[in-house]
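Undergrad: Got a structure here, written out as structure tokens. Questions coming.
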Amino acid sequence: MESQMIRPGHLTAHQTARQLGISLDGVRQLVRRGRLKRSGGSPRQPWYAIRDVAALVAERGTRNAA
């Protein structure tokens, strides 16, 4: 279940997964590997900064275009 009250400029784990085209487990792996940092929420419902997610989306797009 997604949080109803999220700060502007942040995405839930579900929204982050959709933006990146990966699963929730994929989001957890990015965090574990240090590629993505939690920026709020709770341990069970973390939030991620939109700018961090956008940077990963751009990186993935550049890598796929090469």
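Undergrad: At 1.4 Å probe size, with no ligands or nucleic acids counted, give the accessible surface of residue 50 in Å², nearest ten.
TA: 80 Å²
Undergrad: Per the helix-only calculation at 222 nm, which mean residue ellipticity applies to the chain, given -39500 (n - 2.57) for every DSSP H run of n ≥ 4 and division by its residues, nearest 500 deg cm²/dmol?
TA: On the way: 3 runs with 33 residues, N = 66.
Calculated at 222 nm, the ellipticity per residue is -15000 deg cm²/dmol.
Undergrad: Sort 57, 31 from largest to smallest accessible area, using a 1.4 Å probe on the heavy atoms of the protein chains. Write out the running numbers ahead of the final one.
TA: On the way: 57 60, 31 30 Å².
Descending order: 57, 31.
Undergrad: Sequence-distant or interchain residues sharing an amide H contact under 5 Å with residue 39, placed H: which?
TA: 47, 48, 49
Undergrad: Of the trypsin sites (Lys or Arg not before Pro) in segment 1-51, which ones lie in a loop per DSSP and count no more than 10 other C-beta atoms within 10 Å? Mind showing how you got there, number by number?
TA: Details: sites: 18, 28, 32, 33, 35, 37, 38, 44, 51; in loops: 33, 35, 37, 44.
Sparse-neighbourhood loop trypsin sites (Lys or Arg not before Pro): 33, 44.
Undergrad: Using a simple spin-label model with points 7 Å from Cα along the Cα→Cβ vector, what separation in nm is obtained for residue 24 and residue 55?
TA: Once both label points are built, they end up 2.6 nm from each other.
The values are calculated or read from the model by the stated rules, or taken from the named source; none is laboratory data. What you see is a predicted model, and the numbers here were worked out from it, not measured in a lab. Cβ coordinates were reconstructed from backbone atoms using ideal geometry, including for glycine residues, and neighbour counts include every protein chain displayed. Ligands, DNA and RNA are excluded from the accessible area calculation, which covers all protein heavy atoms including side chains. Shrake-Rupley method; radii C 1.70, N 1.55, O 1.52, S 1.80 Å.
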